[in-house]
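The values are calculated or read from the model by the stated rules, or taken from the named source; none is laboratory data. These figures come from a predicted structure and were not determined experimentally. Using ideal geometry, Cβ is built from the backbone for each residue, glycine included, and neighbour counts are taken over all protein chains shown. For the accessible areas, the whole protein counts, side chains as well, though only heavy atoms, and no ligand, DNA or RNA atoms are used. Shrake-Rupley method; radii C 1.70, N 1.55, O 1.52, S 1.80 Å.
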Amino acid sequence: MTELDRRAVLRAGLVAGAGVVGGGLLGAAGATAAPAWRPAGRPVLTHGVQSGDATADSALVWTRADRPGRMLVEVSRRPDFRGARRLTGPVLDPSGDLTGKVRLRGLPAGERLHYRVRVESLDRHGLVSEPLTGTLTTAAREHDRRDVRFVWTGDIVGQGWGIAPDFGGLSIFRAMRATRPDFYLCSGDTVYADGPLSETVTLPDGRIWRNLVTPEKSKVAETLTEYRGQYAYNLLDEHLRRFVAEVPQVNQWDDHEVTNNWYPGEVLTDDRYTERRVDVLAARARRAFHEWVPTPLDGRLYRRLSYGSRLDVFVLDMRTWKDPNDGNTYADPKRGLLGREQREWLIRELKRSRATWKVIAADLPIGVVVPDGPGTQEGVAQGDPGAPAGRELEFAEVLRSAHRAGVTGIVFLTADVHYSAAHHYDPARAAVGDFTPFWEFVSGPAHAGAFGPNALDGTFGPEAVFVHAPPRANASPAEGFQHFGEVEVDGDTGAFTVHLRDRDGVSLWSRTLPAPAR
């Protein structure tokens, strides 16, 4: 990023923080503020370009401008864009924080494509921004046997650790980019809306960590503008911007997109908040999430994505229908994290899938105990190794239904707990016997405080085969213990290879799982 580009991005972020662009009053009063100024010169794309949810024939492309304008997109097999297909996208206006996304359709399957984005001014026809370019890889067709490589992580800019240029910024995204993945799965906590930044933090060894700070990151997010500012902040980092311009994303949300460990209907007791109704905060946060992230246009967060005959990814939403955090020992099968409709969808789609591997992207781990204060639980497990209870009931139903239908190749991928681990689950060690053994791989954080390891709950018989965690809580990114995972699926053999990597891309542990027998 040039210094001129950096100034433009910072200026755009500060304008949003001052409530000058649309939405500045919406969080407080429900009305959209009109822009108070008209920028001179050509439009500017302020926060780069991104792509998401790339299928065999479609993909989403996203950008943001510094003023109202019409989004224009070109897509081509060639980097010089000769013979490119041109699409006219939506108008970017203040009601959407000047963001926009368009779904490209009719794309060739299993290819690396080039896209180019401009915005044309609404005030002056023909006045367009400098173009920004990106690349994306489409998925293979459902019956094609193609190699697939992807990376996953979560937990970005948390616990007060922001973008610190002196410490390399969000350099883990440079390492992920170097693997040249077909797509990137973010397992939630895409931002930390409840994690304000201070300008400096003194590290245990006496060094000073200096955060880049914007107005929206100086307090907990409550207004729509403040929630939008969480995503704008992360995109100030050059490593993240280059990564998301080249790699299509698959995004989940978890808790910190709103506030720590939230659930619907909760009323906060945190004195940092003037708006304490979580449902109000979650509505603003969800809107900002969909505006700033290349998520599906219909807003649905749980979905199935196919990557040829070897891989299906089942993306869960474990937050929208989450029941209250209590002791998590109830016997009511109607409660849980997924809600009835999503639970039935997951069972149905697992049975329908003919892919060799069925990756369940979960924003909370299955067997890791994640407390929410004394006597209350945030996650699936609660530390009782006996028969399933509480939220374990719905996952027992999913696993039992899949087992009885002969579904094989289930693997869970997750983040959330801020360390890296490989867990193997086996009914021979479990309190319940009617499920097929499976693996759960944990990665993260991507740029946040490192913690762990947490206790494991014995209900589904987990064994910690590998763990990489810091010696103390909230270890800074400067101390290492930042992680991402990489998966390679061999199109010919169906072998599923997992690497659990550190911030620099070094493989800390790997395992190849052979294709399950049919």
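Before moving on, here are some points about what is shown:
- Among residues other than TYR425 with Cβ under 10 Å from its Cβ, the summed charge is -2 (Lys and Arg +1, Asp and Glu -1).
- Once both labels are positioned 7 Å from their Cα atoms along Cα-to-Cβ, the gap between ARG86 and ALA455 label points is 6.4 nm.
- Cβ-derived FRET efficiency at R0 35 Å, ARG429 paired with ARG149, nearest 0.05: 0.65
- Candidate residues SER95, SER353: accessible-area rank, largest first, probe 1.4 Å: SER95, SER353
- Segment THR200-GLU111, length gained on full extension (0.36 nm per residue, minus Cα span): 27.6 nm
- FRET efficiency estimate (nearest 0.05) - Cβ-Cβ, ALA464 to ARG304, R0 45 angstrom: 0.95
- Listed residues TRP357, TRP321 arranged by accessible area, highest first, probe 1.4 Å: TRP321, TRP357
- A simple charge model with +1 on the Cβ of Lys and Arg, -1 on the Cβ of Asp and Glu and nothing else charged puts the dipole of the chain at about 2000 debye relative to its Cα centre.
- Among [x] 1.31; [y] 1.24; [z] 0.94, the entry derived from the coordinates for Cα Rg over 2.2 N^0.38 Å: [z]
- Counting Cα-Cα pairs of segment 327-375 in 10 Å increments starting at 0 gives whole-percent bin shares of 18, 42, 30, 9, 1.
- Surface composition of segment 259-369: carbon plus sulfur atoms hold 49% of the accessible area, using a 1.4 angstrom probe and ignoring ligands, DNA and RNA.
- Annotation: average projected area of segment 59-187 is 10.8 square nanometres, based on the convex hull of Cα atoms across all directions.
- Against the main long axis of the alpha-carbon atoms of the chain, helix 278-292 sits at an angle near 60°.
- Nearest 10 degrees, 0 to 90: helix 340-352 Cα axis against the chain principal axis: 80 degrees
- Remark: segment 62-106 carries 44 Å² of accessible area per residue (probe radius 1.4 Å; ligands, DNA and RNA excluded).
- Degrees between helix 224-234 axis and first principal axis of the chain (Cα, 0 to 90, nearest 10): 80 degrees
- Peptides 155-163, 386-394, 510-518 ranked from most to least packed give 155-163, 386-394, 510-518, packing being the mean of other C-beta atoms within 10 angstrom over each peptide's residues.
- Under 30 Å, Cα to Cα: Lys pairs in the chain, sequence gap 8 or more or different chains: 11
- Geometric extent, Cα atoms of segment 193-329 - Rg, Dmax (angstrom): 17.3, 53
- Here the accessible area of segment 82-197 is 44 percent carbon and sulfur, with a 1.4 angstrom probe and all protein chains present.
- Per residue, the chain reaches -5000 deg cm²/dmol at 222 nm when only DSSP H runs of four or more residues are counted, each adding -39500 (n - 2.57).
- For ASP57 and ASP504, the FRET efficiency from 1/(1 + (r/R0)^6), where r spans their Cβ atoms and R0 equals 45 Å, is about 0.80.
- For segment 447-486: Kirkwood Rh in Å [reciprocal of mean 1/r, alpha carbons]: 11.6 Å
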